[in-house]
Amino acid sequence: MTPGTAVALFSVGLLVIVVGFLAWETYNAVVALRLRIDKAWANIDVALKQRHDMLPALVAAVRGVMAFEQDVLGDVARARAAYSPTEPIPAQAAVSEATTSAIRSLFAVVEQYPELGSHRNVLDLQDEIERIEGVIADRRELYNDQVYRHNTRIAQIPALLLAPLFHWRPREFFAARPEELARPDTELRSA
Amino acid sequence: VDGPIAQVAVLAGGGLVAGLAMLLRGLGGYRTANRISDTATSRIASIAAGEVRVSGVVAPAEVLLVSALQSASCVYYRSTVRERGDDDLILAEERAVGFRVRDETGEVRVFPRAARWDVPARFDDRSSTLTGSPAGLYQRTGPAYTAAEPDRDDQVRALLGIGRPDRFERFVAVASGRDREYQERRLEPGDTVTVIGRAMPFGELDDPAEADLADSEVLPPDDPEVAANIAEARAAGMLLGDPEDAWGNAAIPGFGIGRPVREPDLDPDAARLALAGPGEAARVARTFEIPAERLVLAAAPDVPLLIGFGAPGEVAGRHQATFLVGLLGAVLAIGSAIALALALGQGLGA
């Protein structure tokens, strides 16, 4: 083998190693991104389930005092009943937003009942639900950030070249589509 | 073959090796940059168990380090001193202690054992026989560890006391008069930091005391040789069951930072140590009183712990720069290979 051939082989070999490494790393990075999105979604789901489980206790605690605020209580119950972990993510986002809105309305009305201020369990439930609302908001932001990173990554070179090969598609954000915001209009079910 | 051709061949060979080394380092940088930029930042108040990235400000836990070359309070330092023209280091010391990262929503405790640190040099200077020691050199003369919240008496003592040169400084003082290069990397309270690691309940840490320290001077207990020695000693019944029997005064909380919570057993001629007041004793006793379910950040076998100085973009940017340098390394390697081939071709022809 002449020195020239050896150099050519070395150069091509080095190029193949670099390109192979980039392809390998890109594949692994996209797989890791997808797993991070799944994990971020699972963490949101846990918080949504916690809120879903706590709402009946809150409604039961204030129902006796807030006898004339059935509309507000009904909104909370309807939003809770619309929760379905099997729905597509945008639909769940719409339900989550409606639930948050109903809870905020309920808390605003609770402020008008000073007698509820002496109910320790109401205050505790309110604090805990507010904490979970904060967690949902933070995890939603994290999830959407992770989806953004994934979608950006697969739209850029070198992942763009691999995307058709591995059927990588953009993931959906945890945000309600405009048409989803009309929901939920589910019938009031017992909590 | 000798003369200019041999020199070119040697230079080209060196360039080839250096280029490949740069490329290897650059590929590692690419991987790390991807890991940083592909992980979204979690707010500390709502982190969930698993791999997370948090970014915030370093806040001390119970103990701080005093750096070796500039005596700065920090949670991590790596200090090196080398003589110019000599590959051997006169000093290579790396230590870290547990700390907290605080963002606008809360704080999380970081256990730095087995972490990979990405911290730029805070002190990088050299001494020479003409100019003497660099201006910023202020070597540590006391212990490497200090309380994170020293009381007034300790601060007065540190301000007015005269430290005696330690072993390292004496060694440097008697060493040959060659120029020396000093470098110190540090992470200090108040610095912005980005941490990627596993958030896990505190109760799942195997050994919090070990995980809270990273000290290049002390071999870890999971070191194969150390582990074998421990197992042998345990089998022979040589290990004591009570910490005070084993360690004596060192088992008294606060003794290591000069504020024991109770009277230590000292030589009658030794200077008495001031006992910790109720507040300090409570602070010392608080150490590791972390609820078992509280999430902390630590290294895990499947999720290495990375601690970088600066905001996430800054840390990722440094590693991307390393990757670009690595690509230049590939070009250097190919260029060197061509030069080497030409030199060998001419040499063989001659």
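The values are calculated or read from the model by the stated rules, or taken from the named source; none is laboratory data. Every value quoted in this text rests on a predicted model; they were computed, and no experiment measured them. Quick reminder, even Gly has a Cβ in these numbers, built from the backbone with ideal geometry, and neighbours come from all protein chains shown.
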Within segment B:259-279, residues being in contact with an Asp or Glu (Cβ under 9 Å, 6 or more places away or on another chain), assigned to a loop (DSSP other than H, G, I, E, B) and exposed (fewer than 12 other Cβ atoms within 10 Å of the Cβ) number 1
Count of residues meeting criterion [of a type in the set (Val, Ile, Thr) and over 16 Å from B:GLY142 (Cα atoms)] in segment B:62-91: 4
Can you tell me how many residues within segment A:108-130 are under 27 Å from A:VAL46 (Cα atoms) and either in contact with a strand residue (DSSP E or B) (Cβ under 8 Å, 6 or more places away or on another chain) or of a type in the set (D, E, K, R) (or both)? 5
Inspect all residues belonging to segment B:227-248 and state whether any of them is in contact (Cβ under 8 Å) with a residue 24 or more places away in the chain, part of a loop (DSSP other than H, G, I, E, B) and among the hydrophobic types (A, V, I, L, M, F, W, C). no
Would a scan of segment B:62-74 turn up a residue that is hydroxyl-bearing (Ser, Thr, Tyr), at pLDDT 90 or above, over 19 Å from the mean Cα position of the chain (by Cα) and in a loop (DSSP other than H, G, I, E, B)? no
Per the filter on segment A:112-136, residues in contact with a Ser or Thr (Cβ under 8 Å, 6 or more places away or on another chain) and under 16 Å from B:ILE47 (Cβ atoms) are A:GLY134, A:VAL135, A:ILE136
Quick one: B:GLY26 ticks every box in (1) more than 29 Å from B:ASP125 (Cβ to Cβ); (2) within 14 Å of chain A (Cβ to nearest Cβ); (3) modelled with pLDDT of 90 or more bar one, so which box is it? (1)
Those residues of segment B:39-89 which are surrounded by fewer than 17 Cβ atoms within 10 Å (Cβ to Cβ) and within 14 Å of another protein chain (Cβ to nearest Cβ), in sequence order: B:ALA45, B:ALA49
Tell me, yes or no, whether segment A:57-66 has at least one residue that is among the β-branched types (Val, Ile, Thr), in a loop (DSSP other than H, G, I, E, B) and over 30 Å from B:ALA341 (Cβ atoms). yes
Boolean, B:ARG318 is outside any strand (DSSP E or B) and at pLDDT below 85: no
Which number in (1) surrounded by fewer than 21 Cβ atoms within 10 Å (Cβ to Cβ); (2) facing chain A (nearest Cβ under 10 Å); (3) aliphatic (A, V, I, L, M) marks the one condition that B:ALA311 misses? (2)
Wholly inside segment B:122-219, strands (runs of 3 or more DSSP E) that include 2 or more residues that are modelled with pLDDT under 80 are B:213-215
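Residues checked against (1) under 24 Å from A:GLU172 (Cβ atoms); (2) at pLDDT 90 or above; (3) within 14 Å of another protein chain (Cβ to nearest Cβ):
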residue: A:PRO85; (1), (2), (3): yes, no, no
residue: A:PRO90; (1), (2), (3): yes, no, no
residue: A:GLU97; (1), (2), (3): yes, no, no
residue: A:HIS119; (1), (2), (3): no, no, no
residue: A:GLN146; (1), (2), (3): yes, yes, yes
In the list B:GLY308, B:GLY256, B:GLY345, which residue meets the criterion of being within 25 Å of the chain's Cα centre (by Cα), among the small types (Gly, Ala, Ser) and either farther than 30 Å from B:GLU244 by Cα or part of a loop (DSSP other than H, G, I, E, B) (or both)? B:GLY308
Single residue of A:ALA98, A:ALA82, A:ALA102 found to be surrounded by 16 or more Cβ atoms within 10 Å (Cβ to Cβ) and either within 30 Å of B:ARG53 (Cβ to Cβ) or free of Cβ contacts under 8 Å to residues at least 40 places away in the same chain (or both): A:ALA102
Which members of segment A:38-73 meet the condition of being surrounded by fewer than 19 Cβ atoms within 10 Å (Cβ to Cβ) and of a type in the set (Gly, Ala, Ser)? A:ALA42, A:ALA57, A:ALA60, A:GLY64, A:ALA67
Of the candidates A:GLU130, A:GLU87, the one satisfying the condition of being under 17 Å from A:HIS52 (Cα atoms), touching a helix residue (DSSP H, G or I) at 6+ places or on another chain (Cβ under 9 Å) and not in a helix (DSSP H, G or I) is A:GLU87
Any residue in segment B:97-114 that is of a type in the set (Ser, Thr, Tyr), assigned to a strand (DSSP E or B) and closer than 21 Å to B:ASP191 by Cα? no
Which ones in segment A:21-48 are among the aliphatic types (A, V, I, L, M) and at the interface with chain B (Cβ under 8 Å from one of its Cβ atoms)? A:LEU22, A:ALA29, A:ALA32, A:LEU33, A:ALA40, A:VAL46
